[in-house]
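One structure below.
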Amino acid sequence: RPPRSTLFPYTTLFRSDMPPRVGLDDIAVHIPALYLPMETFAELRNQDFGKLSKGLGLLGMSVPDVHQDPATMAAMAVAELIDRNRLDPRAIGRLYLGTESALDGAKPTATYILQMLTMRYAPTHGADCFSRCDVVDLTFACIGAVDALHNTLDWVAQDPERIGVVAFADNAKYERGSPGEYTQGAGGGAMLVTHSPRLLSISPSVGVSTRPVHDFFKPRRELSTRTLLQDVLQAAEAEGAQLPPELLDRLLARLKAQEHPLVQDDVLSLHKDTPLFDGPLSNRCYREAVKLAFGHFREQAIASGRFDPERDPVLTEQWARIVLHLPYAFQGKRMFPDLYHHDRQDLPEYAALNAELGPAPQPEAFEQVQEYERASEDYRRRLSKTSAYRQFVNQRIERGQRASSLVGNQYTGSLFLALMSTLECDFHEGNEMVGERIGLCAYGSGAKSKVFEGTVEAGWRDIVARFKLFEGLEKRQALDGVQYEALHRRAQLSSIRSPRQEFVLERVGSGADEGQRFYGWAP
């Protein structure tokens, strides 16, 4: 690693005449050992399996067992990083977690991860082995882990001796029967951030696009206690119960006299893991945000001298691989025609494709937004079927889809699962990737996109050989419809698969320790 005398501010450390030397040294993921085959889901919900598999790329969704939550999944991934890299826990100065599945409204989920790691490593490294590790949660829908990564890259760049870990963990859960249910998934992961990384160095240029929208969110929901009790009594009457009209007021008075928690306030605040979302709006926000962030990244690449549009005008052609946020496996390639067109539309060699497809729709040519959206969707569909675009996808995007097809949405980990999938496929195919650039396009609803770039380092094959991502996925246990429904409704009280050699959620406190989460290790 470089000596301390070479320290520079981050922007100076990565001058255009210097190769980036801070980035990802290793990545680990922990995917639940249970999954629901998409054939089973299609039968359960009377869906067309062909549309789900061939149209959206969905083959299975990972499902957490009773003893698992986002903290246990992330802790398992961090422990794998520590063990296989023989790290001294006391050397890890930062553990930042990206999640939108926080376990508490105030206490960071990262503290639970630290609690489990301390439990595991205290016997060999001391009870205070993580006491000087800075932890925090970062939340911005699916882009929170990318924010945590860039924050940690800045921190590591200031001192060659610094080692940081960026974790991600989510349970991507939707209401049963909702249009998002088939995109569910779950998992945790961790990335080791260092100087002179062996896997992927990250450029400091980051294209950003942010716009406040409500395409997907998890609001604080409220319900009147009177309304709740009234609904219960009406249900009883519907079942034939004869109830006096004053019963509702009597019940409320009695419960208040008993200081029952149900009626301590007139309004109940409810937390639900499942989101409210507008799928078509979210797709539009995704496409527009990534396109704008790409434009911002392109400007920076030109200003730094890294990209010369006169010599090689198509920036996306310089990316040997393109890794995208994948809410479902085929979302990336279905979104990317906009950016593909945007990066080529003014080039002479694109004229033939323009002649074949006709000019791309322009918003000013339409009186109604809906008309423009329909025309744009038709143009994207026709562009996506051209041989040039299909070749582009197969060469640069397709490998990242493979793990997503088997696992489902990972929320904050989606981009990094696609990165691991891409690199492991290249490893098994024997492709030489050293020095190749990878474009990463992240998105988080609400809405923000970040576009940035990594360069594959000389040690990548040794690191990727240890991923064994697809090998692990083959060992999972398939759920049937009854088991899936019970887990989703939280009616399953004991683990379907007995935990072994893993962190477990033992219980959630009640009474004096209400809400506290207690973890252990299953030998």
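What number of residues in segment 343-371 are out of contact with any helix residue (DSSP H, G or I) (no Cβ under 7 Å at 6 or more places or on another chain) and in a loop (DSSP other than H, G, I, E, B)?
So the count comes out to 8.
Go through segment 255-278 and report how many residues are under 30 Å from L487 (Cα atoms) and open to solvent by 30 Å² or more (accessible area, probe 1.4 Å).
13
Give me the pairs: first residue in segment 224-245 and on the phi < 0 side of the Ramachandran plot, second residue assigned to a loop (DSSP other than H, G, I, E, B) and open to solvent by 50 Å² or more (accessible area, probe 1.4 Å), beta-carbon distance under 7 Å, and six or more apart or on different chains, which are they?
Note: pairs meeting the criteria are S224/D266; T225/D266; L233/L243; A236/L243; E237/L243.
Looking only at segment 322-347, how many residues end up being more than 22 Å from R437 (Cα to Cα) and more than 22 Å from the chain's Cα centre (by Cα)?
Of the residues in segment 322-347, 3 are more than 22 Å from R437 (Cα to Cα) and more than 22 Å from the chain's Cα centre (by Cα).
Can you tell me which of D308, D338 is at pLDDT below 95 and closer than 24 Å to S414 by Cβ?
Every option except D338 fails the conditions.
Count, please, the residues in segment 484-500 that happen to be of a type in the set (K, R) and either surrounded by 15 or more Cβ atoms within 10 Å (Cβ to Cβ) or more than 21 Å from R176 (Cβ to Cβ) (or both).
2
Counting just the residues of segment 144-194 that are of a type in the set (D, E) and closer than 25 Å to I463 by Cα, which one comes out least open to solvent (accessible area, probe 1.4 Å)?
Among those that are of a type in the set (D, E) and closer than 25 Å to I463 by Cα, it is D170.
State which residue is nearest to Q115 (Cα to Cα) when the search covers only segment 71-91 and only residues that are open to solvent by 10 Å² or more (accessible area, probe 1.4 Å) and in contact (Cβ under 8 Å) with a residue 12 or more places away in the chain.
M76
From G177, G188, which residue is assigned to a strand (DSSP E or B), in contact (Cβ under 8 Å) with a residue 12 or more places away in the chain and of a type outside the set (A, V, I, L, M)?
G188
If you go through segment 232-248, how many residues are open to solvent by 80 Å² or more (accessible area, probe 1.4 Å) and either closer than 26 Å to S269 by Cβ or of a type in the set (A, V, I, L, M, F, W, C) (or both)?
Looking only at that region, the number is 3.
Of the numbered conditions (1) in contact with a Phe, Trp or Tyr (Cβ under 7 Å, 6 or more places away or on another chain); (2) part of a loop (DSSP other than H, G, I, E, B), L493 fails exactly one; give the number of that condition.
The number of the failed condition is (1).
Out of segment 108-139, which residues are within 30 Å of S445 (Cβ to Cβ) and open to solvent by 80 Å² or more (accessible area, probe 1.4 Å)?
Correct list: T139 only.
For segment 95-107, which positions are more than 22 Å from V508 (Cα to Cα) and open to solvent by less than 20 Å² (accessible area, probe 1.4 Å)?
Of everything in segment 95-107, those that are more than 22 Å from V508 (Cα to Cα) and open to solvent by less than 20 Å² (accessible area, probe 1.4 Å) turn out to be L95, G98.
The values are calculated or read from the model by the stated rules, or taken from the named source; none is laboratory data. Since the structure is predicted, the reported quantities are computational estimates derived from the model, not experimental observations. No Cβ is skipped: glycine too gets one built from the backbone with ideal geometry, and neighbour counts run over all protein chains shown. Just so you know, the surface numbers come from the protein's heavy atoms only, side chains and all, with ligands and any DNA or RNA stripped out. Shrake-Rupley method; radii C 1.70, N 1.55, O 1.52, S 1.80 Å.
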